[in-house]
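Inspection log for the structure reproduced underneath, given as structure tokens.
The values are calculated or read from the model by the stated rules, or taken from the named source; none is laboratory data. For clarity, every value in this text was computed on a predicted model and none was experimentally measured. Don't worry about glycine lacking a Cβ; one is built from the backbone with ideal geometry, like all the others, and counts go over all protein chains shown. Side chains included, ligands, DNA and RNA excluded: accessible areas come from the protein's heavy atoms. Shrake-Rupley method; radii C 1.70, N 1.55, O 1.52, S 1.80 Å.
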Amino acid sequence: ILKWRNARAVFLFAAAALTALGAPPHGTAQCVRIEEGFGGFQTGVRPVGWTFANCNSDTDTYVTAGDYGTATPSLRLDATGDVVASPAFATPDNLYFWIKGQSAAPSSHLMVEEFYESTWFHFTDIYSIPSSGTSHGPFPLNPSSVQVRFSWFDNGGDLALDDVLVSCVSTPTPSPVT
């Protein structure tokens, strides 16, 4: 019984920690609509369905350790008008992403939008971009959203963008009782 109680305590602690980090409530499982780290971008590989305005060159990347999220590379947004848009998805829950300022001025900012009802809707601007890599999210998305878009407004400095994730919540189907 002591072993079971210790295992249960560890399980309850882990469940509480996950909930505190924005994990879905008990009885649901998190699923992924988009998970993109832009691997191979620096060598000409482009992720399917993504669009890149003014930041579509192989050199629009950071490959130095500390300048990308999980794995090399990150995207380099270095001028106003650099825009990255995701492919289409359905029934999203939350948006997460990694960013790092590269000598970014406090007034430079990243605008994030979601697309639904045939319109782009602004839902956050991030100013004072940290000079160390930082994960952002969860940002709740409208359940009708079908795309997200990142736009850089440059007032000095650049931005590294990486590890874009759009999650969804699925409710497991109960097994039939026989």
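Select from the stretch 91-112 the residues that are assigned to a loop (DSSP other than H, G, I, E, B) and over 17 Å from Ser132 (Cβ atoms) and list them in ascending order.
Correct list: Thr91, Pro92, Asp93, Ser107.
Does the stretch 17-28 include one or more residues that are more than 20 Å from the chain's Cα centre (by Cα), surrounded by 10 or more Cβ atoms within 10 Å (Cβ to Cβ) and either within 18 Å of Ser167 (Cβ to Cβ) or at pLDDT 50 or above (or both)?
Within the stretch 17-28, one or more residues are more than 20 Å from the chain's Cα centre (by Cα), surrounded by 10 or more Cβ atoms within 10 Å (Cβ to Cβ) and either within 18 Å of Ser167 (Cβ to Cβ) or at pLDDT 50 or above (or both).
What's the number of the only condition in (1) open to solvent by less than 40 Å² (accessible area, probe 1.4 Å); (2) among the hydrophobic types (A, V, I, L, M, F, W, C); (3) outside any strand (DSSP E or B); (4) at pLDDT 95 or above that Ala88 fails to meet?
Failing condition for Ala88: (1).
In the stretch 113-137, what residues are more than 21 Å from Gly69 (Cβ to Cβ), of a type in the set (Gly, Ala, Ser) and surrounded by 13 or more Cβ atoms within 10 Å (Cβ to Cβ)?
Scanning the stretch 113-137 gives no hits.
Looking at the stretch 34-66, which of its residues are within 17 Å of Pro87 (Cα to Cα), open to solvent by less than 70 Å² (accessible area, probe 1.4 Å) and of a type in the set (Asp, Glu)?
The one that is within 17 Å of Pro87 (Cα to Cα), open to solvent by less than 70 Å² (accessible area, probe 1.4 Å) and of a type in the set (Asp, Glu): Glu36.
Identify, from the list Val83, Val166, Val148, the residue that is closer than 29 Å to Thr64 by Cβ, surrounded by fewer than 18 Cβ atoms within 10 Å (Cβ to Cβ) and at pLDDT 95 or above. Give the derivation first.
Working: Val166 fails: surrounded by fewer than 18 Cβ atoms within 10 Å (Cβ to Cβ); Val148 fails: surrounded by fewer than 18 Cβ atoms within 10 Å (Cβ to Cβ).
Every option except Val83 fails the conditions.
If Ala105 satisfies all but one of (1) open to solvent by less than 30 Å² (accessible area, probe 1.4 Å); (2) farther than 20 Å from Ile34 by Cα; (3) within 16 Å of the chain's Cα centre (by Cα), what's the number of the condition it fails?
Ala105 satisfies all of (1) open to solvent by less than 30 Å² (accessible area, probe 1.4 Å); (2) farther than 20 Å from Ile34 by Cα; (3) within 16 Å of the chain's Cα centre (by Cα) except (3).
Please specify each residue of the stretch 133-169 satisfying the condition of being assigned to a strand (DSSP E or B) and acidic (Asp, Glu).
Result: Asp158, Asp162, Asp163.
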